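Presented below is the structure to which this report refers.
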Amino acid sequence: MAVKLTERAAEEVKRFQKEHNFGDDMVLRIGIAAGGCSGFSYTLNFDDSFDDKVDTKYDHHGVAVVVDKKSALYLDGTTVDWYESLEKQGFTFENPNAVKSCGCGSSFQA
């Protein structure tokens, strides 16, 4: 499986790219970092580099998504969505590999 970006999340990524005048060479890099209250934190950023030796590249709804192979071990099957309500908005991660997650959903334990 892979990391999946929903159509709503892809629309938000495209809006952000357009708003910040990012070129077509920019990809959305999704990964993990040590830290957070549960052990690992999710990372999302834009990057203009891709190395097929250490990265895997996907296309979801017209958005190029890159995941490094180390992060892919923890993110396999994860769905990234966009959530918006009156009190908050942002990307959410539905990770089937997470044994435990923090209350805010920004970190997890595998």
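Points worth noting:
- Lysines whose Cα lies under 29 Å from that of K70, excluding same-chain neighbours fewer than 8 positions away: K4, K14, K53, K57, K100
- Working from Cα pairs under 8 Å separated by at least six residues, relative contact order for segment 4-104 is 29 percent.
- Residues in segment 72-89 that a label on T56 would reach, taking backbone N under 16 Å of a point 7 Å out along Cα→Cβ: 72-80
- Tensor-based shape of the chain (alpha-carbon gyration tensor, a/c under 1.5 rounded, otherwise prolate or oblate): oblate
- Segment 7-17 - phi-based ³J(HN,Hα) in whole Hz, Karplus 6.51/-1.76/1.60, Gly and Pro as x: 4, 4, 5, 4, 4, 5, 4, 4, 4, 5, 4
- Length gained when the stretch D48-Q89 is fully extended (0.36 nm per residue, less Cα-Cα span): 12.2 nm
Where a number appears in this text, it was derived from the coordinates with a stated rule and is not lab data. Just so it is clear, the structure is predicted and the values come from calculations on it, not from any experiment. Note: ideal-geometry Cβ built from the backbone for every residue, glycine included; neighbour counts use all protein chains shown.
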